[in-house]
Each structure stands twice: as C-alpha cells, then as structure tokens.
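K.L.:
Take this structure, written in structure tokens, and hold onto it; I'll ask about it next.
The values are calculated or read from the model by the stated rules, or taken from the named source; none is laboratory data. Please read these numbers as outputs of a predicted model, since none were measured by experiment. With ideal geometry, Cβ positions are generated from the backbone for all residues, glycine too; neighbour counts draw on all protein chains shown.
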Amino acid sequence: MERRQMVPLTVFEFAQLRKSLGRLLSTTQTPVVLPGEAILGIEAVAAGVAAPARRVLNLVSGPYGDQFGTWLERRGADVANVTCGYHEVIDVGTVTRAIQTHRPTVLALVQAESATGGTNPTRDILAVAREHGLVTIVDAVSAVGAEPVLVDEWAADFVAVGAQKALAGPNGVSAVAVSARGWALVEANPSAPRGSILSLLDHRAAQAPGLPVPPALPVLEARALIDALRLVEDEGLDEVHRRHRRASLAARAALGPLGLVPWQSNPGHAAPVNTTVRMPRDRGTLDAPRGLVAPGDGVLRGQLWRINHYGAYADLNRVEEAVETLASLVARPKDEALAAARAGWEAEHGF
C-alpha cells in the first residue's frame, strides 16, 4: 500500500478528485485544488478579490471572519465589518441594512465558525446578496460535510473548503470553487497576485485540461482526500450530515444535567460540526484537549470549551466519551447526562 501511494498521482486520479469535489459542493464548476491547508485557499481568495477602494462587506461572527477582513485590508480593500457577539450569528436583516448603507460590491462570510460553534444563515444571506448583485465569498471549511454547502443553488462565487473536519480527511490539500463571475472579478483585478502560491489564476492555469498533475500537489494528501471523499459518497452525503446533526443534538442534550450552558445562545444557530460550552466561572482553564473536549482558541480561551464531534467522531460513542470528560471537569455525576445524550442522538432517528 505504501509503495502504491508513492507513485505520482495520475491525470485520471486528479480529474476524479476534482469531479468528486464538484459533487460534494453541488456545483457544475470544477473546483481548483490547492497544495496546502484550507487557510491557503481562503487567503488566496482574499488576495484575488481585494483591490484598492473596492468595498467589501465582511460578516464577522468569530475569529475566522475577523482574520479574513484583515487580509482584505492588507491588500487595500475598503472593508466594512458587520460584527455580532461571538455567542450569536449574523442577522439577515442586519446584512440588508449594511448593504444599503455601505454599498459594497463583494460580501464575505464564514458559514460555520468552529471556534464559536455557530452557523450563519448562509442561504438567506446569499439570497440578499444576489438581490443586490454582490459577488459572494463563503468560507465553508468547517461546514462542508457537516451541513449542506450548495454552491450553484446559492449562486456563491467563491467557496473555500478543506477536508480536515467533517470530511475526516487530510489537512494538506484543499479546494476553492469559483463561479464564472468570480473568475471575471479576479481576472480584472490588477492587484490579484500572479506568480504566487496565492494566485488562483496560476492554480487554474496549471490545472487546465490536458496538462500533467501540478507537481506541487502532495501525493499522499491528495490520495487521502480521494479516499475520504469516496467514503463520504459510499455513506451518502445526506447521511453524513444527519450523523453530524445527531452528534450535535446528543452533545447539547447532555449539557443541562451537567449544569453547563451552551455557548451559542440560540440552539437553532448551533453548528453541527461541534458544540461549544460556556466555561463555568468556578473552573480553571482547560490547558490542552482531552479527547474531543478542547479549550477555546485565541480570544475565546478561558471562555468556552469545544466538543469536536466531527468527521469520524460524529458518533454516539465518541460523544459519550466527551460527556464523561465534561462530567469530570465539573465534578458532576455522568449517568443522567449520558442518558440525555442518547436521547438527543435518537431524536434525529428516522429523519
């Protein structure tokens, strides 16, 4: 097996990988595959879109959205940030008013903020953006595999994805789906990088039909992604989504018996990829992950805990292990919480 994996990726394998990514994202566009972690694709989108005086409405519901605005500003874009509390998600009405106030040409958002455990109402936000003729950017890295990402139906122009979370794949290769309108925007932007790892145009040119596989693409990671996508297709994407919803319901159901409070104030906005928990005031900071339970990142450290029930861990047994970890952290009995988790898991049964 190891000897086979070291054989260079074939043109056929690469074409199949891109087709699988297109099916995953429900798009007829052929996604561009990138030789690096998903943050490469997200920054490449920022670099390709940003231009001096170009106004971008950037929706910020967590640290990833905030970072994207920084990349846009660094390259001269006129960024108007619409920010909500990190325990909430962006309100569609607020987006409509912000568009009317700032008159942007581009709108950017993170679909699911894994750092905060919240999912923005992406479908509805993009519908508003379409009504105003805006080019749209979606960071769907934490959403893909855990919830629908419907590129063509939503008319999204740039959608960046990675495999390391809900797809249970590698983090050394990622992809960006770009619409015809998105490509036109980058092509017309003299500030878009060329001759750079951040150049979407360079990556597209290197992946044109008939060309060999780009030499920078890591072979082991590419084959791991092919295998991960095959497993998703074998299970069925709808079933993968349902498994993540069940894990989310199970984790949230267990919090009450443990005396814990969800970080996201509205359960309807909870991201299926993970569950975030408000850290009790009388507990010390969790210094390092314990199984699926991890401390908050960056500004959220010391404020919340994350239960990372994604990918292969979107499983009742793994959620139960996380519940036992939480019970030990708060010094509470675990039996009632475990029973609640099982009931939460079964609440999605048959749907």
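K.L.:
Going through Pro35, Pro31 one at a time, which residue ends up being within 25 Å of Ala205 (Cβ to Cβ), within 18 Å of the chain's Cα centre (by Cα) and either surrounded by 22 or more Cβ atoms within 10 Å (Cβ to Cβ) or not assigned by TED's automatic domain parsing to the domain that holds Asp139 (or both)? So that I can check it myself, show each step before the final result.
P.N.:
Working: Pro35 fails: either surrounded by 22 or more Cβ atoms within 10 Å (Cβ to Cβ) or not assigned by TED's automatic domain parsing to the domain that holds Asp139 (or both).
Pro31 is the lone residue from the list that is within 25 Å of Ala205 (Cβ to Cβ), within 18 Å of the chain's Cα centre (by Cα) and either surrounded by 22 or more Cβ atoms within 10 Å (Cβ to Cβ) or not assigned by TED's automatic domain parsing to the domain that holds Asp139 (or both).
K.L.:
Further question on the same structure: Quick one: in the range 39-95, of everything that is in contact (Cβ under 8 Å) with a residue 60 or more places away in the chain and among the hydroxyl-bearing types (Ser, Thr, Tyr), which residue is nearest to Ser142 (Cα to Cα)?
P.N.:
Filtering the range 39-95 for residues that are in contact (Cβ under 8 Å) with a residue 60 or more places away in the chain and among the hydroxyl-bearing types (Ser, Thr, Tyr), the one nearest to Ser142 (Cα to Cα) comes out as Tyr64.
K.L.:
Still on this structure, I have one more. Limited to the range 80-103, what total is found for residues that are closer than 18 Å to Ala271 by Cβ and among the aliphatic types (A, V, I, L, M)?
P.N.:
Residues in the range 80-103 being closer than 18 Å to Ala271 by Cβ and among the aliphatic types (A, V, I, L, M): 3 in total.
K.L.:
So in the range 313-339, with the set limited to residues that are of a type in the set (Gly, Ala, Ser) and assigned to a helix (DSSP H, G or I), which one is surrounded by the most Cβ atoms within 10 Å (Cβ to Cβ)? Show your work before the answer.
P.N.:
Initial filter on the range 313-339 (of a type in the set (Gly, Ala, Ser)): 314, 322, 327-328, 331, 337, 339.
After this cut, where a residue has to be assigned to a helix (DSSP H, G or I) as well, the list is 322, 327-328, 337, 339.
Numbers: Ala322: 26, Ala327: 20, Ser328: 12, Ala337: 24, Ala339: 14.
Within the range 313-339, the match that is surrounded by the most Cβ atoms within 10 Å (Cβ to Cβ) is Ala322.
K.L.:
Which count do you get for residues in the range 167-199 that are surrounded by 19 or more Cβ atoms within 10 Å (Cβ to Cβ) and either among the acidic types (Asp, Glu) or outside any loop (DSSP other than H, G, I, E, B) (or both)?
P.N.:
8
K.L.:
Only one of these is aliphatic (A, V, I, L, M), over 17 Å from the mean Cα position of the chain (by Cα) and within 22 Å of Ala339 (Cβ to Cβ): Leu249, Leu231, Leu286. Name it. Give the steps one after another, and end with the answer.
P.N.:
Values: Leu231 fails: within 22 Å of Ala339 (Cβ to Cβ); Leu286 fails: within 22 Å of Ala339 (Cβ to Cβ).
The unique qualifying residue is Leu249.
K.L.:
Residues Val106, Val159: which one is assigned by TED's automatic domain parsing to the domain that holds Val56, of a type in the set (A, V, I, L, M) and either farther than 29 Å from Leu300 by Cβ or over 12 Å from the mean Cα position of the chain (by Cα) (or both)? It would help to see each step written out before you state the result.
P.N.:
Details: Val159 fails: either farther than 29 Å from Leu300 by Cβ or over 12 Å from the mean Cα position of the chain (by Cα) (or both).
Unique residue meeting the criteria: Val106.
K.L.:
Tell me, which strands (runs of 3 or more DSSP E) lie completely within the range 72-144 with 2 or more residues that are under 30 Å from Arg243 (Cβ atoms)? Before you say what the answer is, go through the steps one by one.
P.N.:
Values: elements: 78-83, 106-110, 135-139.
In the range 72-144, the matching strands (runs of 3 or more DSSP E) lie at 106-110, 135-139.
K.L.:
In this structure, is Ala53 in contact with a helix residue (DSSP H, G or I) (Cβ under 8 Å, 6 or more places away or on another chain), among the aliphatic types (A, V, I, L, M) and surrounded by fewer than 20 Cβ atoms within 10 Å (Cβ to Cβ)?
P.N.:
On the way: in contact with a helix residue (DSSP H, G or I) (Cβ under 8 Å, 6 or more places away or on another chain): no; among the aliphatic types (A, V, I, L, M): yes; surrounded by fewer than 20 Cβ atoms within 10 Å (Cβ to Cβ): yes.
Here the answer is no, as Ala53 does not meet what is asked.
K.L.:
While we're here: Within the range 96-117, which residues are in contact (Cβ under 8 Å) with a residue 40 or more places away in the chain and under 19 Å from Ala140 (Cα atoms)? Steps first, answer last, please.
P.N.:
Kept after step one, since they are in contact (Cβ under 8 Å) with a residue 40 or more places away in the chain, are these residues of the range 96-117: 98-99, 102-110, 112-117.
Within the range 96-117, Val106, Leu107, Ala108, Leu109, Val110, Ala112, Glu113, Ser114, Ala115, Thr116, Gly117 meet the criteria.
K.L.:
Going residue by residue through the range 337-344, is there one that turns out to be more than 29 Å from Pro63 (Cα to Cα), assigned by TED's automatic domain parsing to the domain that holds Ala254 and among the charged types (D, E, K, R)?
P.N.:
yes
K.L.:
I need a count of the residues in the range 137-156 that are more than 15 Å from the chain's Cα centre (by Cα) and either crowded, with 20+ Cβ neighbours inside 10 Å or touching a residue at least 40 places away in the same chain (Cβ under 8 Å) (or both). Outline the logic, then answer.
P.N.:
As a first pass, look at the range 137-156 and keep what is more than 15 Å from the chain's Cα centre (by Cα): 152-155.
Next, only the ones that are either crowded, with 20+ Cβ neighbours inside 10 Å or touching a residue at least 40 places away in the same chain (Cβ under 8 Å) (or both) stay: 152-154.
Qualifying residue count for the region: 3.
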